[in-house]
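The values are calculated or read from the model by the stated rules, or taken from the named source; none is laboratory data. It should be emphasised that the depicted structure is a prediction, and the values quoted were computed from it without experimental measurement. Glycine gets a Cβ as well: all are built from the backbone with ideal geometry, and neighbour counts include every protein chain shown. Heavy atoms of the whole protein, side chains included, go into the accessibility calculation; ligands, DNA and RNA do not. Shrake-Rupley method; radii C 1.70, N 1.55, O 1.52, S 1.80 Å.
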Amino acid sequence: MDAPEPDQTPFASVTAHTSKIQRHYQALLDRSTPFVLYRWVGTGVALLLFFLRIFVAQGWYIVAYALGIYLLNLFLAFLQPKFDPSNDALDNEMEDGSVGTLPTKQDEEFKPFIRRLPEFKFWYWATRAVTISFFCTFFEIFNVPVFWPVLVMYWLILFVLTMRKQIQHMIKYRYVPFTVGKKSYRKDNS
């Protein structure tokens, strides 16, 4: 009797099953793409449930702090342009026109704002982080005793300082990462 081929082992069926699950998961993500408001409402509800769990359990403050830092990092990546105009390393590439730039003068050509972290990836990673953090609250190993008001104050100071720096960068290079308040040019049908 010959030995079975490596592809005919039980691992092949497990691999086929996991790839099928991954395809279904990706199909669900693809179908959820146009429903921006519903996706974010779902993430907000999950975040609210997480904070409710923290409040009721009176613990896992370090998990909440880590989640807050991670979400702040994602938010900053969401606000930043893909190609930073202040980065000197890109100056040569920008002059060649090989990298998109933001207009800094009135007579420069308009180039759309491209985020460093697109909205869908921001939602996906934020939702994933909230879910993982929620499940971490069921394990006592993550319940590190800390004085939570210090963590809250430190996070607020970090938020204010980083947002101030980001807003100054946005003002200096004249970009607005949101479409609210921007001019819209519509074609008249008259």
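Observations on the model:
- Once backbone amide H atoms are built at 1.01 Å from N, R115 has K82 as its partners under 5 Å, excluding neighbours fewer than 5 places away on the same chain.
- Whether segment 113-153 is rounded, prolate or oblate, judged on the alpha carbon gyration tensor where a/c under 1.5 counts as rounded: oblate
- Between W60 and V144, the built amide H atoms are under 5 Å apart, and every one of these is 5 or more places off in sequence or on another chain.
- Each residue of segment 151-165 was assigned a 3J(HN,Hα) from its phi angle through the Karplus curve 6.51 cos²θ - 1.76 cosθ + 1.60 (θ = phi - 60°); the sequence is 5, 5, 5, 5, 5, 5, 5, 4, 5, 4, 5, 5, 5, 4, 5 Hz, with glycine and proline shown as x.
- ³J(HN,Hα) computed for each position of segment 15-25 - Karplus, 6.51 cos²θ - 1.76 cosθ + 1.60, integer Hz, glycine/proline x: 4, 5, 5, 5, 5, 5, 5, 4, 5, 5, 4
- Legend: calculated FRET efficiency, R174 to I69, from the Cβ-Cβ distance at R0 = 25 Å, rounded to 0.05, equals 0.30.
- Measuring r between the beta carbons of V144 and L49 and using R0 = 22 Å, the FRET efficiency lands at 0.55.
- Solvent-accessible surface ranking, highest first, for F35, F147 at 1.4 angstrom: F147, F35
- In sequence order, calculated HN-Hα J values of segment 126-132 (Karplus, 6.51, -1.76, 1.60; Hz; x Gly/Pro): 5, 5, 4, 5, 5, 5, 5
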